[in-house]
1. Go ahead and run the numbers for FRET between D295 and L342, Cβ-Cβ distance against an R0 of 41 Å, rounding to 0.05.
2. Could you check the simple spin-label distance between I105 and N190, using points 7 Å along Cα→Cβ, in nm with one decimal?
3. Using each residue's phi in the stretch 94-105, evaluate 6.51 cos²θ - 1.76 cosθ + 1.60 at θ = phi - 60° and report the 3J(HN,Hα) Karplus result to the nearest Hz, with x for Gly and Pro.
4. With all protein chains present, how much of the accessible area of the stretch 141-214 (probe radius 1.4 Å) comes from carbon and sulfur, to the nearest whole percent?
5. Please compute the length gained on full extension between I250 and D160, using 0.36 nm multiplied by the number of residues separating them and subtracting their Cα-Cα distance.
6. For G107, what residues show an amide H to amide H distance below 5 Å, using hydrogens built from the backbone and excluding near sequence neighbours?
7. Once you have the alpha carbon radius of gyration of the stretch 219-321, what is it after dividing by 2.2 N^0.38 Å, with N set to its residue count?
8. Which whole-angstrom value gives the distance between the alpha carbon centres of the stretch 300-353 and the stretch 166-237?
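The values are calculated or read from the model by the stated rules, or taken from the named source; none is laboratory data. Quantities reported herein were computed from a predicted structural model and do not represent experimental measurements. Quick reminder, even Gly has a Cβ in these numbers, built from the backbone with ideal geometry, and neighbours come from all protein chains shown. We work out accessible area using only protein heavy atoms, side chains counted, and drop any ligands, DNA or RNA first. Shrake-Rupley method; radii C 1.70, N 1.55, O 1.52, S 1.80 Å.
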Amino acid sequence: MANKVNIVLQFFSLLHIIKCAPSNTFDDFARIAKDGMKKLPPIELKEDARRMFPLENEQSHHFEDQDDEHTRHSRGSADSNVKVNSVCVDYRGDSYYPGRNSAPIPGIPNGLQKLPNTLSVCELEQLHQDCVDRINMYRTGVLKFSDGTDDPLILQYKQDGTNVVLQHHKDGNVCSTNQAFGDLKVSGSNWDGCIGGHHTAFNCAGSNKAQNSCCARGGGAWGNGDKIVTYDQVKAYLFECLKDMWDEGIEDGIKGHWETMRSSTYRYAHCGFAWSDDGRLWMNQDFSRGKPSNDDCNCVGKSAGDDDGCGRTCQGCSEPVVEPCSDSQYTNWYGSHCSGPLRAPGSYYCTCPEMKNYCGYDSIKTACKVTCGECATIHDTCPATTKATTKTTKTTTTKTTKTTT
């Protein structure tokens, strides 16, 4: 009985909050409810030479050679700042796939962007390496389940001396990204960030293939209006997604992502990253057993303008653009004690300083980036930087129209 009373009291408390809030507060309310639930799973799908595994009754989608050194992990696989290469491979996408078993369509779809200007080409190269390295850290037992326990199969690999380190198929990165563009095109601006999952899977080279996908993040997906457009932001979401996939091994429900990540069947991996103009991020990880190609994309020891070994041109390192960051003049919240523009008799829009204690709401974080400490931080990453510095996006206060989510 006490629990029922508490539920009723919480309900009326929420009604009191919503009474003083804008109509889209119900979106925030839904987001709060969602934040209290288990994190959304990534999506996965499998394929072998004979059949496609069914997707019915799955909460997420799952698709289904190796390095000589178990311990070879790039600098970017740690949760700390890195320095990228001084000359790097350009893994930006140049087309998109409209579906499975299809030919790529040249160009980037309307509403999507080749690469946010807050990310450099060399940072993108590092993200591709981070992706494969992070998976290998789970496959070799460097990283464990969230509860601190080991995967028994990984322990068995170690005992048997089985090398399960995935080789990074670098020539497949652009193809993975072009697939991600196709998936993100289908995702559009839908609230459900998993729409479009595996829409374009299995177009890349390789045999006995698999694909894991991270549902869209940011740009309105799941009610999150943030832009996921800096190296640190993308890396954080990537690592979080891979951790959630691995933790399927200790949780009820689907197991496909975890099974693919740990399977000794797969020997090669490559990853794809795609962005919309409003900062929505889509990430794919593609696995295969057979060696897809003999090409090795590499710009180490080369100069900008040299061939990268995969038919593209090496790019010199440049720092990403630091974009202005500002608070809106007022939020889309209102109340009788707020000091913003008049909304209706006795009701005024609230300013960001007045809402600083409500930064847990996505609509407030989006409108009040300075107040809520949401301005993106961009680090100098080029090796030419003699002293590691941290640049925070320039903060300004601008007068704008009503901000909504």
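1. Details: r = 64 Å, r/R0 = 1.55.
My answer for the efficiency is 0.05.
2. It is 1.7 nm.
3. Values per residue, Gly and Pro as x: 10, 6, 8, 8, x, x, 7, 6, 10, 8, x, 9 Hz.
4. Values: 1380 of 2720 Å².
With neighbouring chains kept in place, the figure for the stretch 141-214 is 51 percent.
5. Working: separation 90, 0.36 × 90 = 32.40 nm, distance 2.31 nm.
Using 0.36 nm per residue and subtracting the Cα-Cα distance, I get 30.1 nm.
6. The list, which skips near neighbours in sequence, is S95, Y96.
7. On the way: Rg = 17.4 Å, N = 103, 2.2 N^0.38 = 12.8 Å.
Rounded to two decimals, the normalised Rg is 1.36.
8. Each part's Cα centre sits 21 Å from the other's.
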